[in-house]
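The values are calculated or read from the model by the stated rules, or taken from the named source; none is laboratory data. A quick note: this is a predicted structure, and the numbers were derived from the prediction, not measured. No Cβ is skipped: glycine too gets one built from the backbone with ideal geometry, and neighbour counts run over all protein chains shown. Heavy atoms of the whole protein, side chains included, go into the accessibility calculation; ligands, DNA and RNA do not. Shrake-Rupley method; radii C 1.70, N 1.55, O 1.52, S 1.80 Å.
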Amino acid sequence: MAGPLLEFFTQMDNQGGIIVKDGPKFDLDLYIQNYRGRTKFDRLLLIGRSSVKLCVDALRAALAEAKRGRDTQRYRDVVEYLRIAAPNDPDAVYDQKWLDKQEIANHEETQRLLAELKGYKNNLIKESIRMGNEDLAKHYESIGDLNAASEYYSKMRPDVSTAKHLIDVGKHLVRVAVQRRDWNMIPAHVAKMTLGGQYPDEERNSQPFQKVATGIALLGQDKYYEAALAFLEADPSVSSKVYNEIASKNDVAVYGGLLALATMDRRELQAMVLENQNFRAFLEPEPHIRRAVTMFVNGRYAACIEILEGYRGDYLLDIYLQRHVSKIYARIRSKCVVQYLIPFSCVSLDTLEKAFGSPERPIEEELAGMIEEGVLEARIDGIESLVNTIKVDPRAQMQASALASAENYERQAIERLRRMALAAADLELVGTRKMGLHHQLGGDLAFGDQEILMG
Amino acid sequence: MEGTLATLVAFPQAGILGDNEEYHRAAQAHRITLTKLSSSARWASEAPRLIERLDPATHSLSYLYVLQALKSVNSYPLDDLLIKLTTFFTSFDARQIRYAPKAFTKLLAQPRLQDLFPASVAVELITTALLQLDPTGSVLTSHHTDLVRFAYMTNSIEPVLPIIEKSIVFYPGMKGSISTRLLSDPDLPPSGFMTVENDFTKPLQIKDILEHDLLRGLCFIQRRSWQQAFDALERVVTFPSRDSTNASKIMVEAHRKWVLVGLLLNGRAPVLPPLTSIGPRKVYEVTGKPYYSLAQAFEKGPAESFKAEYEVLPQTFWDEEKNFNLLKLVIEHYQKWQILNLRHVYSKISLEQIRTRTQSGQTAAPLGSALEIEILVKGMIEEGILQGEVVHPENGGPAYLVFSAAADDLTEEEFSRRMVGTAQRIKALGPVVKATNERLGSNKDYLKWLAQQKRREQQGQGSQGGAGEDAVEDEDLMTGIVAG
């Protein structure tokens, strides 16, 4: 790594960023073409900050993207990054003229739209007010004032008059919420987009947007299983233009596939992923996800993990997935190990090491962690290097629970009798208003630190 | 003297043993006679000879009065007196003593047996006597509280165990505890005669009861019976309280020890039982803070943070709270619990692996050698907290520990043995439940409430949805039941 680049990534690392050293499997230009709107810049910037190979290219593309837009803060940010990562790059200088001009223009536009909206409000024409709010909100969004954008988008709601309007309001709000990473608000906005079956066309058209947005929100909240379900339900027949301001068709396949792998058992995967006609269409451009799922279902766990590991770098460059990749992968891994062990009562550690071994961590430690977390029911034989799976014995379980409930019954019975007696003898603690119990009962009683001798 | 003796042995006559009413009348008459006799001038001088002619098991009542006199005669040899006292307390007939609570109390307390006998003998004697009066051990009296305090202070814990292992469910001063049955009724529950009204006990304060259970807990701590200590302390911690903001100092003290004992017992911080009243619960949250964070570190590790948790507070803190020795044990047990937790993961593990995977609570570092681990592990096996064995392979390979798998599942016999044990203990609660029922049965308020319930059921409204006036009644009487 060259000097400035090294410095740049050291800074990123210090800020807690994730850094990907290997080159990704995708082409940056083709990748970014899948998206529309402000997400393009966000994605480029993230790649620039994370990928060593693509850093300068991505930052440059982000800079161009920023200059095409009106958000001056973004421009400043990306130039700042570029100046550290590639100080000699011709783009790595502030275009102060453009900045000043754009800021003035932004200010004027804001004033103009505010004045316009005021005029509409005076005229009391609902449709104009709605449009005025929308224009203003869009303007705020484009200059990066997301709070104001959100505020004015929601002000559109009282004046909607058609189903399309309602859907639009919802989409705007969801989009802004996604940019703000306000995961909790997204389901609420999505819920307001449902029309109760009166307008089937509009509903059908917005279905994938709703599903994708819900899925991303749930992913953001670590609810992986629910998120997987949302992605798996998306309708592929609708053009990806509907939702590519937040995610692409490929993203749906990746998010849905990975999350399903992490949370579902083999039967569910077969029924809900591989045999799901809708989701098949999404999987077409991402055949390796399909392959990984098939491998898992067929019990070839090592192959499944190998495929996924090959793409780890790519997924670490995804704006929503980045934070979750290691967690999702760990879950898939432990699921694979658990599934692998099911048919055996005893497996040698060497076999497991061959199947699942990773250079970073010996399999024994990983297994120990899994057993401690309760994911895996097994015991490790550290001497013979074996893993013995434990078959749950229903008889022993029944006996244990019978004993526990009998003992509990005894304790409860005694405790209740005691409490009744205390109540009858008027021996419950009652506070005195003046000094409180602390003093009243405390006295100078203190027992109990004799040397503990016996044993 | 022969005349006196004839009077003394006149009770109980063989014929009246089966007839409760007759027995009652005769016993009362006999007691009056004895009181009269004991105030006569010759009584004290005749006593040494009389006592030789009486059998403490058959003529317990007479024996008690004569013994009482001997105790106040200074000329009677001390050794003989002690023998007589011992025979009496180990063999008296509890049915007769029900009629002489005052004399019995006096015999115990004036002068105190504790001053006559060596401490452990006195404790054993009183324990035997109290259990003879109340074999269920379910009634608390001031004798109990005195006894346990004395036993703890003099470290005579072993002899007091039989009595502190029983579960107290009756307390002096219960309303409606005066039984309608005769004292002579063999089925009369101990709660029916060991009452304040009968002079068997002094009235007890809340403080006494809390202190009693705390002391029981401390006795068990001394014995390292963690489960019993934990249960006893829990009784103090969950003591019913109607105060919603405060707790007694004894409860706070017990709570701190309860957390530490919980750590020793289960390797993790105990959770307050749902029965804990609101006020104490709030107080514990504040007062228990250092203890809870210590417990957190104990459970989750790493060893450094556990060490930091207890070192951040000066030793004076632990000394002041009288928990330093308990803390020392907790620190000692830190590594033991780490090793114990390994049994959930490993079936066999080399000692060297144990050494690298666990840390000492004192130094927060692994032990120096596998030999030290072996000593620790063997100690645990001997103590019975760890089921397993250390194996030295014959080929000279490294030694390892095998956790026995059998510890988790029970054999059929073991299961049925424990099941039957529990069933018997529950059955043994029968008389206690009956006594409670009887006590409630003679309580005016309870009967009123019961009648209302019945009426409502007959009207087909079920027992729910009572009107406001009933709610007040319910609350008044059933606090314990509802809370439970």
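Computed quantities for the displayed model
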item	result
Leading residue at positive end of dipole, chain A (Cβ point charges), from A:ASN123, A:ILE289, A:HIS324	A:ASN123
Options A:GLN102, A:SER248, A:ASN14, ranked by Cα towards positive dipole end of chain A, top entry (Cβ charges)	A:GLN102
Estimated FRET transfer efficiency when R0 is 41 angstrom, pair A:TYR225-B:VAL390 (beta carbons, to 0.05)	0.35
R0 of 35 Å, Cβ-Cβ distance B:GLU285-A:ASN14: FRET efficiency to nearest 0.05	0.35
Those aspartates and glutamates that a straight Cα-Cα span of less than 17 Å connects to B:LYS166, excepting residues fewer than 8 apart in one chain	A:GLU407, A:GLU410, A:GLU415, B:GLU124, B:ASP134, B:ASP146, B:GLU158, B:GLU211, B:ASP213, B:ASP231, B:GLU234
Debye, to nearest 20: dipole size of segment A:181-342, +1 on Lys, Arg Cβ, -1 on Asp, Glu Cβ	500
Segment A:25-157 - Rg (one decimal) and Dmax (whole number), Cα, Å	17.7, 57
Area of A:ASP201 that stays accessible when all protein chains are in place (1.4 Å probe, Å², to 10)	100
Expected-Rg normalisation [2.2 N^0.38 Å, Cα atoms] applied to segment B:143-206	1.29
Label-reachable residues, segment A:128-160, where backbone N falls under 12 Å from a point 7 Å from A:GLU116's Cα toward its Cβ	A:128-140
Cut-off 20 Å, label 7 Å out along Cα→Cβ of B:THR87, residues of segment B:1-42 by amide N	B:1-12
Cβ-derived FRET efficiency at R0 51 Å, B:ASN266 paired with B:GLU22, nearest 0.05	0.35
Cα-centre dipole for segment A:344-389 with unit charges at Cβ (Lys and Arg positive, Asp and Glu negative), debye to 20	140
For A:389-402, mean number of other protein chain Cβ atoms within 10 Å	2
Paired Rg and Dmax values of segment A:169-269, which use every Cα atom, in angstrom	13.1, 40
Full-extension gain in nm, A:LYS138 to A:ALA188, via 0.36 nm per residue minus C-alpha separation	15.9 nm
Size of the A/B contact, given as accessible area buried on both chains, probe 1.4 Å, in Å²	6700
For segment A:3-94: relative contact order, % (alpha-carbon pairs under 8 angstrom, 6 or more apart)	30
Exceeding the 22 Å Cα-Cα cut-off - candidates B:LYS427/B:LYS448; B:LYS257/B:LYS289; B:LYS202/B:LYS322; B:LYS71/B:LYS106	B:LYS427/B:LYS448; B:LYS202/B:LYS322
Helix axis angle, B:444-458 relative to chain B longest principal axis, alpha carbon, degrees	70
Translational diffusion coefficient (Stokes-Einstein; Kirkwood radius from C-alpha pairs) of segment B:117-230 at 10 °C, 1.306 mPa s, in µm²/s	109
For segment B:1-110, alpha-carbon Rg and Dmax in angstrom	13.2, 41
Segment A:206-340, relative contact order [Cα under 8 Å, separation at least 6], %	22
Relative counts (whole %) of C-alpha pair distances in chain B, using bins that are 20 Å wide	18, 41, 30, 10, 0
Structure-based [θ]222 nm, chain B - -39500 (n - 2.57) summed over DSSP H runs of at least 4, per residue, nearest 500	-19500 deg cm²/dmol
Apportionment of accessible area to carbon and sulfur, chain B, percent (1.4 Å)	53
Straight-distance crosslink candidates among aspartates and glutamates, where the alpha carbon sits under 18 Å from A:LYS138 and sequence neighbours closer than 8 are dropped	A:ASP42, A:GLU65, A:ASP71, A:GLU103, A:GLU108, A:GLU109, A:GLU116, A:GLU127, A:GLU151, A:ASP159, A:ASP168, A:GLU245
Accessible surface ranking that places the most exposed of B:SER277, B:SER91 first, with a 1.4 angstrom probe	B:SER91, B:SER277
Percentage relative contact order, chain B, counting C-alpha pairs under 8 Å, at least six apart	8
Convex hull of segment A:1-48 built on C-alpha atoms - directionally averaged projected area, nm²	4.0
Nearest-ten-degree value, helix A:287-297 long axis tilted from longest Cα axis of chain A	10
Surface/4 of the Cα convex hull for segment A:344-389, nm²	3.1
Euclidean distance between Cα centres, segment A:236-255 to segment A:104-180, Å	25
Cα pair distances of segment B:218-294 binned at 10 Å [whole percent]	21, 54, 23, 1
Pairs of Cα atoms farther than 52 Å apart, the protein assembly as shown, %	46
Helix axis angle, B:430-441 relative to chain B longest principal axis, alpha carbon, degrees	60
Segment A:334-373: GluC sites (Glu not before Pro) falling in loop per DSSP and having at most 13 other Cβ within 10 Å	A:GLU360
Helix-only CD estimate at 222 nm, as mean residue ellipticity for chain A, using -39500 (n - 2.57) per DSSP H run (n ≥ 4)	-20500 deg cm²/dmol
Student exercise, the protein assembly as shown dipole from Lys, Arg, Asp, Glu Cβ charges, in Debye to nearest 20	1840
Links that overshoot a 22 Å alpha carbon limit, given the list A:LYS53/A:LYS354; A:LYS354/A:LYS391; B:LYS307/B:LYS336	A:LYS53/A:LYS354; A:LYS354/A:LYS391
Where labels lie 7 Å past Cα in the beta-carbon direction, separation of B:ARG112 and A:LEU6 in nm	8.1
Label-point gap, in nm, between B:GLU304 and B:ASP187 - each point 7 angstrom along Cα→Cβ	7.0
Residue-averaged beta-carbon neighbours from other chains (10 angstrom radius) around B:339-348	5
Cα-projected label distance for B:THR356 with B:GLU2, points at 7 Å along beta-carbon direction, nm	9.5
Where only C-alpha atoms are counted, convex hull volume of chain A per residue in Å³	326
